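These notes concern the structure reproduced below.
The values are calculated or read from the model by the stated rules, or taken from the named source; none is laboratory data. Predicted model only: the values in this text are computed from it and were never measured. Here the Cβ positions follow ideal geometry from the backbone for every residue, glycine too, while neighbour counts run over all protein chains shown.
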Protein chains: 2
Amino acid sequence: MSGLPDPQAARAARLACRQGPARPTSGMAPGFTQCNMISLPRDWAWDFLLYAQRNPKPCPVLDVTDPGSHRTAMAPDADLRTDIPLYRIWRDGVLAKEVSDATAAWAEHPDLVTFLIGCSFTFETPLQQAGIEVRHIAQDRNVPMYLTNRDCRPAGRLHGKMVVSMRPIPADRVAEAAMISGRTPAVHGAPVHIGAPEGLGIADLQKPDFGDAVEIRAGEVPVFWACGVTPQAALMASRPPFAITHAPGYMFITDIPETHWQV
Amino acid sequence: MSGLPDPQAARAARLACRQGPARPTSGMAPGFTQCNMISLPRDWAWDFLLYAQRNPKPCPVLDVTDPGSHRTAMAPDADLRTDIPLYRIWRDGVLAKEVSDATAAWAEHPDLVTFLIGCSFTFETPLQQAGIEVRHIAQDRNVPMYLTNRDCRPAGRLHGKMVVSMRPIPADRVAEAAMISGRTPAVHGAPVHIGAPEGLGIADLQKPDFGDAVEIRAGEVPVFWACGVTPQAALMASRPPFAITHAPGYMFITDIPETHWQV
């Protein structure tokens, strides 16, 4: 026993994602890194990589493909066009449709550059191992995500607000949740905001902008982490002509053990 | 007293760097982040930013300027053309000359994109505060740096070996030095190699490829950190037509407290 999770579990999870039906990936293939995805025409790649560099909390870039490639070093046998459960196709900053197979959309632009971005699902296993319940997993829902009032630092033609994910945590475990997630800065790291949702411009926690609402119990505090859906907020605000992304909560599962990101 | 270092100290240090004489910046403006610098024509900027993303230990990018700009958000009153003590001008991958003022070189290419990259000098203050002597500071020398046999992951036209800096540490403090530096992954983080220099292809520690040799005492172990001179090794190997960099050990001093990078 190596102590590392079984790589076959990551491959099996990707196969399930490829074959459907589409479901959020939180809790799938525990121990493996999950990623947000955004594919943009080559002409927009510089602006996006710079946007990510300038906003590392919401946009930690873990891999970038060569133009036109649908392969990643993070899962050599995967096909980025099919192995995410649900994709979004964007035209001029508007969500045009959601598809479970992006092969046809990919073929429209032979020079797409694909960015894989860290996802907070990656530190949910350590939270659970510490005995901290992850509510949306316990309730078998997608994680709640909110568009905040915080501007990201712009880059070239890209600008937009930060998106956050939220997990309710008992008040006496919040510090531990902050420290556990803080050990993995490449997958969003420590929370950006704890409590006081109005400070982020969030009026009603029961009405997330993406994903599902979850129960918040007495004595629990909403804890907010920077979220890899932030690039989709930039698409809506900045309107590049074309993009493919994952659907929020429907992530790309890699072969990289989540322990790889611990500092 | 805020507990933060006095910002005036960073400005005064930059002014001293601007006016000369040129000296290595290790130990200057303690508590402030120091940076490596590389400026490349716009046409090479994508390849470089991707190279940095693929090699985050040696090339943690802390800021990127707009094309042609010599300003950085990390020190708003600074001029990147003059505020480094010693610059290197590169032509076709060959070091053409060293200058203390790069204004004329900058004017040759109006579209230069400048990258500021984390520097291990940033965690030397915490090492010293823990009572770990930083030998090259104690000996008033430049830090020793070595070209290793480790390939970086290539990106576009850029490829090259990793460069490391070395500090001799008493055997009973090595773990602590690893942990202290590991808390700041944005400025190279934990060591990449501890002891056994032959494993990096280093034949003689007393003959560094950059900087100065330092004394290694009985009971001390050479500890190697990924180094922001790695981009210069990529220049030599990949031969872009033009580049401006800092001279190894002669860094750009920013206004950002080094505690900013702690996770």
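Mind checking which residues of segment A:205-263 are aliphatic (A, V, I, L, M) and more than 25 Å from A:A105 (Cα to Cα)? First the steps, then the outcome.
Step one: filter segment A:205-263 for residues aliphatic (A, V, I, L, M), giving A:205, A:213-214, A:216, A:218, A:221, A:223, A:226, A:229, A:233-237, A:243-244, A:247, A:251, A:253, A:256, A:263.
Those that are aliphatic (A, V, I, L, M) and more than 25 Å from A:A105 (Cα to Cα): A:L205, A:A213, A:V214, A:I216, A:A218, A:V221, A:V223, A:A226, A:I256, A:V263.
Condition first: surrounded by 16 or more Cβ atoms within 10 Å (Cβ to Cβ), assigned to a helix (DSSP H, G or I) and of a type outside the set (A, V, I, L, M, F, W, C). Now tell me which residues in segment B:8-48 satisfy that.
The answer is B:R11, B:R14, B:R18, B:D47.
Select from segment B:186-228 the residues that are among the small types (G, A, S) and within 16 Å of B:V143 (Cβ to Cβ) and list them in ascending order.
Keep residues of segment B:186-228 that are among the small types (G, A, S), which gives B:186, B:189-190, B:195-196, B:199, B:201, B:203, B:211, B:213, B:218-219, B:226, B:228.
Within segment B:186-228, B:G211, B:A213, B:A226, B:G228 qualify.
Can you name every residue in segment B:153-186 that is away from chain A (no Cβ under 12 Å) and in contact (Cβ under 8 Å) with a residue 60 or more places away in the chain?
Selection gives B:R157, B:L158, B:H159, B:G160, B:K161, B:M162, B:V163, B:V164, B:S165.
Working only within segment B:219-235, note down all residues that are modelled with pLDDT of 95 or more, farther than 14 Å from B:L40 by Cβ, over 9 Å from the mean Cα position of the chain (by Cα) and not in a strand (DSSP E or B).
Correct list: B:A233 only.
Exactly one of these conditions fails for A:G249: (1) buried (at least 22 other Cβ atoms within 10 Å of the Cβ); (2) outside the structural domain of A:T114 (by TED's automatic domain parsing); (3) assigned to a loop (DSSP other than H, G, I, E, B). Give me its number.
Of the numbered conditions (1) buried (at least 22 other Cβ atoms within 10 Å of the Cβ); (2) outside the structural domain of A:T114 (by TED's automatic domain parsing); (3) assigned to a loop (DSSP other than H, G, I, E, B), the odd one out for A:G249 is (2).
Name the one entry in B:A218, B:A226, B:A247 that is more than 14 Å from chain A (Cβ to nearest Cβ) and either touching a residue at least 60 places away in the same chain (Cβ under 8 Å) or of a type in the set (S, T, N, Q) (or both).
B:A247
Hey, A:Q206 hits all of (1) more than 29 Å from A:L86 (Cα to Cα); (2) outside any strand (DSSP E or B) but one; which does it fall short on?
(1)
Could you list, ordered by first residue, the pairs with Cβ atoms under 9 Å in which the first is in segment A:34-63 and within 9 Å of chain B (Cβ to nearest Cβ) and of a type in the set (F, W, Y) and the second is part of a strand (DSSP E or B) and surrounded by fewer than 24 Cβ atoms within 10 Å (Cβ to Cβ), at least 6 apart or interchain?
Pairs found: A:W46/A:A155.
Of all residues in segment A:187-203 being in a loop (DSSP other than H, G, I, E, B) and within 14 Å of chain B (Cβ to nearest Cβ), which is farthest from A:W261 (Cα to Cα)?
Initially, segment A:187-203 is screened for residues in a loop (DSSP other than H, G, I, E, B), giving A:188-192, A:195-196, A:201-203.
After this cut, where a residue has to be within 14 Å of chain B (Cβ to nearest Cβ) as well, the list is A:188-192.
Values: A:H188: 11, A:G189: 10, A:A190: 13, A:P191: 16, A:V192: 18 Å.
Step by step, filter segment A:187-203, then rank; the result is A:V192.
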